[in-house]
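Read-outs throughout are calculated quantities, based only on the coordinates presented, and are distinct from any laboratory measurement. Everything numeric here is computed off the predicted structure, so don't read it as measured data. Reconstructed Cβ throughout: ideal geometry from the backbone, glycine too, with neighbour counts over all protein chains shown.
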Amino acid sequence: LLRTPIYTPFSHHTSRFLILWCWSLPFAMHGLVGPVATAPVSLVVSFMLLGIEDIGSRLENPWDSLPLWQYCEGIDDSVLALRAHDLAVRHA
């Protein structure tokens with residue numbers, strides 16, 4: 001399950017559906033918030049939803065967007081330091 005890739009058309013379909021939904025949002029919001037607030041409310045809601053979608057797409061493949069190699073080196077250095085400290089305490 002960990003190494004199973006996300007089916008690419010699924011990701012494309014969800015992002016296209018979200019774009020279509022955000023595009024039609026002003027038409028639905030016009031009757032609820034009026035003509036003055038339609039654009040700002042639609043922009044804020046679309047910005048938040050597209051941001052969530054972007055975070056989700058980055059989490060599908062974190063190897064390209066996160067500095068995981070640096071994290072692993074930091075963890076390795078910490079483990080080696082703890083091991084050296086443990087050996088020093090045992091031999092003291």
How long are the semi-axes of the equivalent ellipsoid of the chain, defined as square roots of 5 times the Cα gyration tensor eigenvalues? Whole Å, largest first. 49, 18, 8
Please list, in order along region 76-87, the HN-Hα scalar couplings obtained from phi with the Karplus expression 6.51 cos²θ - 1.76 cosθ + 1.60 (θ = phi - 60°), rounded to whole Hz, x for Gly and Pro. 4, 4, 5, 5, 5, 5, 5, 5, 5, 5, 5, 5
Each label point is 7 Å from the Cα along the Cα-to-Cβ direction; what then is the distance between the points at VAL33 and THR14, in nm? 2.5 nm
